[in-house]
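Worksheet: the structure to be examined is printed underneath.
The values are calculated or read from the model by the stated rules, or taken from the named source; none is laboratory data. Note that the coordinates shown come from a computational prediction; the quantities given were computed from them, not determined experimentally. So basically every Cβ, Gly included, is an ideal-geometry build from the backbone, and we count neighbours across all protein chains shown. Surface accessibility is based on the protein's heavy atoms, side chains included, excluding ligands, DNA and RNA. Shrake-Rupley method; radii C 1.70, N 1.55, O 1.52, S 1.80 Å.
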Amino acid sequence: MVRELTQNRWNWSQRDQMWVFIDCDVKGELIYHYQVNPPKEFTELTMKIKILNDKLITCKDPKKNSKIFSEMMKISKRMQSMGKNC
């Protein structure tokens, strides 16, 4: 099942194999902006998650693990709401 693309945020279109941002003009018509490369913010957030994941793997302290995991979740939520200015 394919997820519908959401307005006002970057989406990955499996059908088009591109990133797409959907705007709405003054008349209410949808405007699609496509790009092949991921948005800059997506790349930066991915690197932050990778660094935190590496820390999580090596950390033995449950409290620190919880804090690291919580930070990863915040980043993940941010990735799901990336705006056009990325």
Query raised in the report: Which condition does residue 49 not pass, out of (1) under 13 Å from the mean Cα position of the chain (by Cα); (2) part of a strand (DSSP E or B), if it passes all the others?
Result: (2)
Report task. Can you confirm whether region 7-15 contains a residue that is touching an Asp or Glu at 6+ places or on another chain (Cβ under 8 Å), among the hydroxyl-bearing types (Ser, Thr, Tyr) and outside any loop (DSSP other than H, G, I, E, B)? Result -> no
Query - Condition met for residue 84 (touching an Asp or Glu at 6+ places or on another chain (Cβ under 8 Å) and charged (D, E, K, R)) - result: yes
Requested in this report: Go through the residues of region 56-67 one by one and say whether even a single one is at positive phi and either open to solvent by 80 Å² or more (accessible area, probe 1.4 Å) or free of Cβ contacts under 8 Å to residues at least 24 places away in the same chain (or both).
Outcome: no
Query - Considering residues of region 68-86 that are in a loop (DSSP other than H, G, I, E, B) and open to solvent by 80 Å² or more (accessible area, probe 1.4 Å) only, the residue nearest to residue 34 (Cα to Cα) - result: 84
Report task. Please go through region 34-55 and pick out each residue that is in contact with a helix residue (DSSP H, G or I) (Cβ under 9 Å, 6 or more places away or on another chain) and open to solvent by less than 100 Å² (accessible area, probe 1.4 Å). Result -> 38, 41, 42, 45, 46, 49, 52, 53
